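The values are calculated or read from the model by the stated rules, or taken from the named source; none is laboratory data. Nothing here was measured: the structure is a model prediction, and the numbers come from that model. Here the Cβ positions follow ideal geometry from the backbone for every residue, glycine too, while neighbour counts run over all protein chains shown. Ligands, DNA and RNA are excluded from the accessible area calculation, which covers all protein heavy atoms including side chains. Shrake-Rupley method; radii C 1.70, N 1.55, O 1.52, S 1.80 Å.
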Amino acid sequence: MVPFAKPSAGAKYEEMGAAAVRAAVADAGLTFEDVQEAYASYVYGDSTCGQVVLYNVGLTGIPVINVNNNCASGSTALWQARKAIAGGEVDVVLAVGFEQMNPGPIGGHWNDRQAPSLQHFMRLNELFGFDLTKAPAAQLFGGAGTAHMDKFGTSPETFARIAVKARQHAANNPYAVFRDLVTIEEVLASPMQSDPVTRLQCCPPTSGAAAVVLVSAEYAKKRGLSNAGVRIAGQGFTSDTPDSFTGDMRHVVGIGIAAQAAEIAYTQAGIGPEDIPVVELHDCFTVNELLTYESLGLTPEGTGEKFVMDGDNTYGGRVVTNPSGGLLSKGHPLGATGLAQCAELTWQLRGQADKRQVEGAKTALQHNLGIGSACVVTVYEKVDA
């Protein structure tokens with residue numbers, strides 16, 4: 001991946017994407033000419049932006065499939081790349097994600113057609129109301145946070161602690177946007193976006209890119225690829241069910257589909273949440289991080305606050321969550337996020353995460369969510385190179 005940046009840095013998607021591709025291909029010990037198929041993920045861009053990125057690397061004539069699945073676009077590209085190899089038609093597939101974002105809250109670009117997340121916002125309006133003056137996504141997750149507080153007595157300070165932890169982790173990540181530390185008091189005092197979510201509990205608009213090369217096990221062995229020491233052991237992909245539109249805002253923002261995707265991934269991998277020492281999860285807001293602890297089975301439902309207060313979400317605790325700093329501090333370039341999570345966990349399992357390293361990690365878990373909805377949960381495991 002390339003270092004993530006604020007939109008004001010002026011980075012161009014075609015340059016960031018090409019740089020990430022070159023880095024991934026070199027890391028794999030291959031050349032771009034070895035790649036047989038490519039999936040390119042992004043949200044804000046015209047059709048065939050993937051071709052623009054890859055043409056900057058080489059004109060090889062391979063199929064380039066463009067992927068837009070909201071904030072889960074990157075992990076959707078990863079899912080498609082894995083399936084292409086599993087189907088036996090290809091041995092080397094590239095997944096690249098990128099985003100050149102504008103400052104400010106994310107929003108739609110069309111006002112003459114139905115918004116993909118209309119049903120989600122209709123449920124929000126019915127349950128909590130909708131304020132046209134506030135950022136829409138913050139209201140969705142603010143409502144989910146309020147629902148958790150109402151049901152389990154969770155305190156606003158608990159959510160703020162997650163933002164503090166994110167900055168502590170990001171301080172050791174040269175790819176992260178926000179590496180300066182913050183206090184609980186500073187988090188709570190930052191401008192309220194949608195109760196209980198304050199500004200420092202929201203992921204920043206970000207520009208960036210990340211890329212991953214996947215190969216079949218047989219191809220890795222034949223080519224003697226020294227860095228092929230991590231494999232996808234399980235992967236679940238789910239979209240909304242009727243439960244997503246019940247009277248619980250936690251389900252509206254995806255706790256149910258996350259739990260279903262996690263169960264698929266755990267079953268395929270033959271492990272459980274108790275076997276996971278490191279996780280990169282979709283902390284677009286502090287609220288979603290806490291909800292996802294419970295969705296992924298890292299802690300039972302209703303115990304997310306205790307999980308945070310006991311320090312079980314960081315080094316020395318039960319599972320190191322978002323060692324990269326997560327979306328909150330590393331940044332959230334929508335189309336790149338899922339592949340950046342993959343990169344971080346690959347480095348963790350290889351023992352290449354430097355000061356962020358989770359010692360002895362042999363398995364890892366990734367959770368990537370896009371409202372509208374799509375949720376991909378992936379289990380990685382370390383294998384002999």
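When each of Q348, Q352 is tested for being farther than 27 Å from S244 by Cα, assigned to a loop (DSSP other than H, G, I, E, B) and of a type in the set (S, T, N, Q), the lone residue that passes is Q352.
When F141 is tested against (1) out of contact with any Cys (no Cβ under 9 Å at 6 or more places or on another chain); (2) part of a helix (DSSP H, G or I); (3) buried (at least 22 other Cβ atoms within 10 Å of the Cβ), exactly one condition is not met: (1). Taken as a whole, the structure leaves R231 outside the set of residues that are touching a residue at least 40 places away in the same chain (Cβ under 8 Å) and either more than 30 Å from A38 (Cα to Cα) or in a helix (DSSP H, G or I) (or both). For the stretch 164-193, the set of residues classified as open to solvent by less than 50 Å² (accessible area, probe 1.4 Å) and out of contact with any Ser or Thr (no Cβ under 9 Å at 6 or more places or on another chain) consists of I184, Q193, listed by residue number.
Picking from residues in the stretch 43-88 that are of a type in the set (S, T, Y) and open to solvent by 60 Å² or more (accessible area, probe 1.4 Å), the one that is farthest from A210 (Cα to Cα) is S47.
Can you work out which of the residues in the stretch 211-252 that are of a type in the set (D, E, K, R) and open to solvent by less than 50 Å² (accessible area, probe 1.4 Å) is nearest to A374 (Cα to Cα)? Top of the filtered list is D240.
Regarding A364, is this residue small (G, A, S) and either open to solvent by 10 Å² or more (accessible area, probe 1.4 Å) or in a helix (DSSP H, G or I) (or both)? The answer is no for A364. Residues being open to solvent by less than 50 Å² (accessible area, probe 1.4 Å) and part of a strand (DSSP E or B) are entirely absent from the stretch 253-271.
Residue pairs whose Cβ atoms lie under 7 Å apart, sitting 6 or more positions apart in sequence or on different chains, and linking a residue in the stretch 184-201 that is of a type in the set (D, E, K, R) to a partner that is open to solvent by 20 Å² or more (accessible area, probe 1.4 Å), are E186/L200; D195/T146; R199/P191; R199/Q193. Given the conditions (1) free of Cβ contacts under 8 Å to residues at least 12 places away in the same chain; (2) under 20 Å from F98 (Cβ atoms), and given that A374 satisfies all but one, which numbered condition is not satisfied? The failed condition is (1). Being of a type in the set (F, W, Y) and open to solvent by less than 10 Å² (accessible area, probe 1.4 Å) is a property that holds for Y380. Can you find even one residue in the stretch 17-26 that is modelled with pLDDT under 95, surrounded by 15 or more Cβ atoms within 10 Å (Cβ to Cβ) and in contact with a strand residue (DSSP E or B) (Cβ under 9 Å, 6 or more places away or on another chain)? No, the stretch 17-26 contains no residue that is modelled with pLDDT under 95, surrounded by 15 or more Cβ atoms within 10 Å (Cβ to Cβ) and in contact with a strand residue (DSSP E or B) (Cβ under 9 Å, 6 or more places away or on another chain).
Conditions (1) farther than 15 Å from C375 by Cβ; (2) in contact (Cβ under 8 Å) with a residue 24 or more places away in the chain; (3) not aromatic (F, W, Y), marked per residue:
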residue: I255; (1), (2), (3): no, yes, yes
residue: A259; (1), (2), (3): no, yes, yes
residue: L291; (1), (2), (3): no, yes, yes
residue: G302; (1), (2), (3): yes, yes, yes
residue: G316; (1), (2), (3): yes, no, yes
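Evaluation of N173 against the conditions (1) more than 26 Å from G97 (Cβ to Cβ); (2) within 22 Å of the chain's Cα centre (by Cα) shows that the sole unmet condition is (1).
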